[in-house]
Structure formats: structure tokens, C-alpha cells
Amino acid sequence: MTFQVGDKVIYPNHGLGIVERIEDKTILGTTCGFYHLRIVANDTTVLVPLTNVDGVGLRRAISDNEVERLFNLLGDGKIDNHQNWKGRFKDNSDKMRSGSIYEVADVLKSLTFLAKSKSLSFREKRMLDRAKFLIISEVSEVMRETAAAIEGRVDHALERCFSQKARTTARAKVAKAAPRAVASPAPRRAARAS
């Protein structure tokens, strides 16, 4: 994937960046091209080798059409549940590094849902805050709306998700508890002695 100066791109786990320039640099006798990205959130500069764009997961910001898909995903009632902290943290870390806003949305849903029932560890709390920030900052840039307005939409979608999950869980419990029709045994015929 190639980008031009001025393109808005997403750098995984850092958020929205703008390609400020593209230049060749010689490092240890090897010359290669680099994108100079200015990360919008903290106004830092990151150099990404042109040959490593796919490796770091650099991508274009989502389109207006994809924003609706994102909000549908946030509100769909499907939440990944890991009982074990270690497995959950590894899966969520991998999703955060993927660069996909949809994977980050999964992390946001699962950690927000978990936080409603128990305290998160410091690392998971930080990951939850990061996931929410990354989604809000990208969507607010794409939709040209304030972060506060987008945060409200995200919170509303999450509440819809948790309501849907609660309804699904309640239906499953009712179905499981419903008395099963027990087939009555067929009457036995008395064996005749011959």
C-alpha cells in the first residue's frame, strides 16, 4: 500500500497520523524510503520504512461507509469472553497491534463488558482506555465531529450491545430451564408363557 503526502493514515496503537513527507535516508550504508508521519494525538513524528508498511499495519483511515459498519459491530451483542486473564490479555494485545479498527472494537467491547462485573488490572484498564481513544479519534476525524459527540455514539452502541447480550443470555437460560417433554414409555406387553 502506498501513501501520498497529506494522506491520513492509522498507525496501530498510536492512532491517526498524517503523511508529512516521503524521503530517502541512508542508514548504515543502506538507502531506503521512509514515510514521515505526524501522529495527531501527541504531535510526535514517526518514521516508517516504505518496505515495512504492511509489517507495522499502516492503513488508510476508514471511510464514511465503514463508520456505520463499525457502530453496528459495537452494538451487535457479540462479546468475546475469556475466563483466563493471560489468554485474554494476549488475544487483546494481538488485536490492538493488528491495526484493524474492527479488532480494536472487539477489545473495547470485551473489556468494557468485563469492567462492568469486576475491576480490571492496570494493564487492561490502560488497554481499554487506549482502544476507546483510538476508535473515537479515528471516527471523529472521518466524520468531522467532535470527540465528545463520537464518544456519546460509542457509549450508546456499547449499551445497545450489552442489552442485546443480556437478552440473549436470558433467553438461553429460559430455554435451558424449560421442562423437557418426557416421552412416556410404551406399554409393555405381558409375555405369554407357552
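What to note about this one:
- Meets criteria (over 30 Å from CYS32 (Cβ atoms), surrounded by 12 or more Cβ atoms within 10 Å (Cβ to Cβ) and hydrophobic (A, V, I, L, M, F, W, C)) for LEU114: yes
- Of the candidates LEU158, LEU128, LEU120, LEU108, the single residue that is without any contact (Cβ under 8 Å) to a residue 40 or more places away in the chain, within 13 Å of the chain's Cα centre (by Cα) and either under 27 Å from ILE39 (Cβ atoms) or surrounded by 15 or more Cβ atoms within 10 Å (Cβ to Cβ) (or both) is LEU128.
- Some residue of the stretch 132-145 being assigned to a helix (DSSP H, G or I) and either of a type in the set (Lys, Arg) or over 21 Å from ILE18 (Cβ atoms) (or both): yes
- For the stretch 22-43, the criterion of being in contact with a helix residue (DSSP H, G or I) (Cβ under 7 Å, 6 or more places away or on another chain), farther than 18 Å from VAL139 by Cα and of a type in the set (A, V, I, L, M) is met by no residue.
- In the set LYS109, LYS125, only one residue is in contact with a helix residue (DSSP H, G or I) (Cβ under 8 Å, 6 or more places away or on another chain) and under 21 Å from ILE62 (Cα atoms); that residue is LYS109.
- Residues in the stretch 72-95 that are touching a Lys or Arg at 6+ places or on another chain (Cβ under 9 Å), of a type in the set (A, V, I, L, M, F, W, C) and surrounded by fewer than 19 Cβ atoms within 10 Å (Cβ to Cβ): 3 in all.
- Any hit, the stretch 37-59, residues being at pLDDT 90 or above, among the hydrophobic types (A, V, I, L, M, F, W, C) and under 14 Å from the mean Cα position of the chain (by Cα): no
- Within the stretch 1-18, restricting attention to residues that are in contact with a helix residue (DSSP H, G or I) (Cβ under 8 Å, 6 or more places away or on another chain) and part of a strand (DSSP E or B), the residue that is surrounded by the fewest Cβ atoms within 10 Å (Cβ to Cβ) is LYS8.
- Some residue of the stretch 153-170 being within 30 Å of VAL40 (Cα to Cα) and among the aromatic types (Phe, Trp, Tyr): no
- Residue within the stretch 59-66 that is part of a strand (DSSP E or B), in contact (Cβ under 8 Å) with a residue 24 or more places away in the chain and touching a Ser or Thr at 6+ places or on another chain (Cβ under 9 Å) present: yes
Every residue, every condition in (1) assigned by TED's automatic domain parsing to the domain that holds ASP155; (2) in contact (Cβ under 8 Å) with a residue 24 or more places away in the chain; (3) outside any helix (DSSP H, G or I), yes or no:
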position: GLU20; (1), (2), (3): no, yes, yes
position: THR26; (1), (2), (3): no, no, yes
position: THR31; (1), (2), (3): no, no, yes
position: HIS36; (1), (2), (3): no, no, yes
position: LEU47; (1), (2), (3): no, no, yes
position: ASP54; (1), (2), (3): no, yes, no
position: GLN83; (1), (2), (3): yes, no, yes
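- Number of the condition not met by ALA105 [criteria: (1) part of a loop (DSSP other than H, G, I, E, B); (2) within 19 Å of ARG160 (Cα to Cα)]: (1)
- The stretch 7-65, subset of a type in the set (D, E, K, R) and touching a His at 6+ places or on another chain (Cβ under 6 Å), residue farthest from ASP129 (Cα to Cα): ARG21
The values are calculated or read from the model by the stated rules, or taken from the named source; none is laboratory data. For clarity, every value in this text was computed on a predicted model and none was experimentally measured. Heads up, the Cβs are rebuilt from the backbone with ideal geometry, glycines too, and the neighbour counts pull from every protein chain shown.
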